[in-house]
Amino acid sequence: MRFDNLRSVQNADIHQDDDGIRHGELLSIADVISFFKHFWPFIASASIACAILGLLYVLTATPTYMATAQLLIETNQASGPTIMTPEAVVSLDTPQIESEIAVLNSEQIVGRVAKTLLKGDAKADAADKTPPPPPASTSERGWLSRLLFGAPPPPTPAQEAEKLRQIELTIQSNLGVKRVGLSYVLELSYRDPDPKKAAEIVNTLGDAYVQDKIDGRASAARRNSLWLEARIEEIRRLMNEAAIDVQEFKARRDYRLADRPTSSDSNLGLDFLPKPTAPASPATGDSAPKPVPKDNQPVTTPQEAPTLEELDSRALTYQKIYESYLRAYTDTVQRQSYPSTSARLITRAQPPKRKSSPKGTLTLLGSLIFGGILGAGAALAMSVLNERVRSSNQLMRHIGAPLLGEIDDTRWRSRLPFVGKHLGRQQRRKRNALIVVSHPQSPDARQLVKTAAAINDAAKARGAVAIGVFGISKAIDDAAVCSNVALLNARAGKKTLLIETEPGRTNLAASLVGDLQFDLKDVIEGRAEPEAAIVQYDIEPALSLLLADKTEAPGFWTLQRVAKLSELIKSLSGSYENIFVHLPSGSDTEIVTKAVEGVVIVAEIWQTSLAELEDVASRMRIVGQPPLGVVSAKFS
């Protein structure tokens, strides 16, 4: 298919089905497979590197052991029987559980544990007859300093407090407290390099929590007893005063029936009542004299005087209050003497036999997974940041030409990061030039056969005899494509000429030929005839070679020399059925198009830049010689 027809078909498709074009731009399963096929060595290398780091961590990290214990906390619910219907459910007090967890992590409980550990260390040091090692500061001064200045002074209280604080911080950082299900049971866990110490700290923490609860109850009972004592004394005084008032009230009255009281107020015992006063004189307007209080006592009127029933009721009330306070005081003294709590350790910790960290299997598995994710992320970032061709469909879409062949002969080691491109580079180039001869049954040789057939069909449709093979960049082994395609045509019985125009003789088939008497430069300059510079290839007699000197400068090809090369190719086209010209990679597009009748562009997926590819294709269309097609080649 000619390029113009292809462009017209593409334009028609664009106008007819815009959705299909937009769908072609989306990510397909083939693109994903191509991504992982290309970057799997990089991803595997990242995974292996992270696994090695994880293995080093497992081998060098200090093992820690986790001891666990279970603690039952107080529920603060009534111990007596509760009558409730079957539908009634006692809800768990979540804030209470969280409060107890905070108490276990508090400085008060942790401080108890730290002090217990310090006391245990002091007892162990006292039992041990060997002297303790000197402090770091003393050992740094040396034996002469110790001899001159003596032993260091004992630690100050501030230093002891700081040491205690460091122990508390260590315990809080390694301590874990969590609730067991929906119960009132808390699981205590502690990590330490010493399993016995881990179990000891967990058990000591539980005991400290229980003892703190007991001490709290005793302290509360003690405060309650002190408060009750003060209240009892006050109520006793009020009760005695009420009883005295009742006795005084009764003492002022005679309840005998025989003797009637006289009209005298003193005999009736009503001295507390106010004396009657004379009415005010209407002449003077003066009122009767007011009663004067005696001994600063308030003066009461007959209506305000308390009755015997009120005094008895008040005395009885004070007595009942006094008795209730006495019972409360008795209960408080009993609780103070025998404090108790429902909190207890229901499962004590035992020294663990297996280390809790680092876990070798999980660490290595996590390192592999993390390395794979990290490698995939880095590969995705590289593919996004670098505008490279990622698939054959993208290659055809951006160059606007059909795909003539797809060759992939890469080895996994060539995709390794940093070193893959430099492993056996020269050996690979030597092998790539003779793949169809040395390995005719290999997958890449079969792909080259299909590529050669597609190139011949495209050249036949164009009517071109001289076909140029042009690589987008120097990193692409376009010389291997050109030499293998020419060798396949020669082996098919076609008289073929292979012209190497790139200085340095990168074509490996040409490198097998010894020193040349005349080369392509001599023919272009007119110092030799073409027949004197053309040599036969030993492996295939139907293949002739016209090579450039390997010492030639890269800037040899100018417009005048390209014109002479075009005339030379036209003069030789009658003697050969196919002429394949290996054009210099990265050279000027005008030089490429003027030397031959048709150009095959060789690109490499994941290496060829989209900008370079589009620029070359656009320049060739501007000159008026669009490419025959594009070949995706990736040799190992």
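The values are calculated or read from the model by the stated rules, or taken from the named source; none is laboratory data. Please read these numbers as outputs of a predicted model, since none were measured by experiment. FYI the Cβ positions are ideal-geometry reconstructions off the backbone, even for glycines, and counts take in every protein chain you see. Remember, those area values only see protein heavy atoms, side chains included, never the ligands or the DNA or RNA. Shrake-Rupley method; radii C 1.70, N 1.55, O 1.52, S 1.80 Å.
Counting only protein heavy atoms and using a 1.4 Å probe, the accessible area of residue 387 comes to about 110 Å². Per-residue extension of 0.36 nm, minus the Cα-Cα distance of residue 99 and residue 234, leaves a gain of 44.8 nm for this segment.
Between residue 347 and 70, the built amide H atoms are under 5 Å apart, and every one of these is 5 or more places off in sequence or on another chain. Computed about the Cα centre, the dipole magnitude for segment 172-248 is approximately 500 debye when only Lys and Arg (+1) and Asp and Glu (-1) carry charge, each at its Cβ. For segment 387-410 versus segment 174-240, the inter-centroid distance based on Cα atoms is 76 Å. Put simply, the amide H of residue 389, placed in the peptide plane, has neighbours under 5 Å in 606, 607, 608, 610, leaving out anything fewer than 5 places away on its chain. In order along segment 355-366, the phi-based Karplus estimate (6.51 cos²θ - 1.76 cosθ + 1.60, θ = phi - 60°) of 3J(HN,Hα) comes to 6, 8, 7, x, 8, x, 5, 5, 5, 5, 5, x Hz; Gly and Pro are listed as x.
Listed here are the pairs 521/564; 460/521; 460/494; 115/353; 460/634; which of them are more than 22 Å apart at the Cα? Among 521/564; 460/521; 460/494; 115/353; 460/634, the Cα-Cα distance tops 22 Å for 460/521; 115/353; 460/634. What separates the Cα centres of segment 523-580 and segment 444-472 is a distance of 20 Å.
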